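The values are calculated or read from the model by the stated rules, or taken from the named source; none is laboratory data. Please read these numbers as outputs of a predicted model, since none were measured by experiment. Virtual Cβ from ideal backbone geometry, glycine too; neighbours counted across all protein chains shown.
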Amino acid sequence: MKSGWLKSRLARAAVVMLGLVGAAHVYGVSTAPRVQAPTTAVAVVDVAKIMLGMELVKTESAKLRTEFEAKQKSLDGMRKKIEDLATQVKAAPKDSAEKRALAFDQIKAEAEQKMSGELFQRDLNLRQGDLYKQAYTEIKAAIEQVSKQNGFQLVLRNDADVELPPNISGQDMETFIANQRVFYADSSIDITEQVVQLLNNQFKAGGKKK
């Protein structure tokens, strides 16, 4: 009698247990043992500050300025020539061959000045783009090196100090919020200065070691 009663209780317990397990699966409750997630060490960097502090960017930007200041002087000379021609056209006798020749020279000078200006700007943009691409590639490599040396698994761009522009519209405010990556970062996890120091040491040593 007792044996039958015990078997009945065990059977009912088994049914209840199976029901609980089934409910756990239905309602998304895991029956697996909990595992402690590993702690992720996070750091932040100010990419704009790194770029401004790089000796590579300072040196190459100075070279570009020197080179393109000379080209700018050439463009200024062309503008002066156009102004002089305009003055001569105005002073030349009306409907004269001289006036027509001067007007043609003015049109030609204006076309040359416009073309030279466009080529100048395009060349400047391309050269700056090449410099920033090189700098950005080196920044990423330096961030990875500093992070591995200090045990950081994740590095975010620090935009916590970015201020809201005045008179911002609702749409622009939504865009600003959507693009915000970091709202607060303690200075103890900011590796910006370490990255700048590494990059400048590499630059002084003659470039990044392979």
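Give the residues of region 138-164 that are assigned to a loop (DSSP other than H, G, I, E, B) and surrounded by 13 or more Cβ atoms within 10 Å (Cβ to Cβ), sorted by residue number. If the condition is that a residue be assigned to a loop (DSSP other than H, G, I, E, B) and surrounded by 13 or more Cβ atoms within 10 Å (Cβ to Cβ), then 152, 158, 159, 160, 162 are the ones that fit. Candidates 180, 134, 197: the one that is of a type in the set (S, T, N, Q) and more than 17 Å from the chain's Cα centre (by Cα) is 197.
Only one entry in 13, 24, 62 is surrounded by 10 or more Cβ atoms within 10 Å (Cβ to Cβ) and at pLDDT 90 or above, namely 62.
The residues in region 165-183 that are surrounded by 10 or more Cβ atoms within 10 Å (Cβ to Cβ) and closer than 17 Å to residue 46 by Cα can be counted, and the count is 3.
Scanning region 35-48 turns up no residue that is out of contact with any Lys or Arg (no Cβ under 7 Å at 6 or more places or on another chain), over 30 Å from residue 148 (Cβ atoms) and at pLDDT 90 or above.
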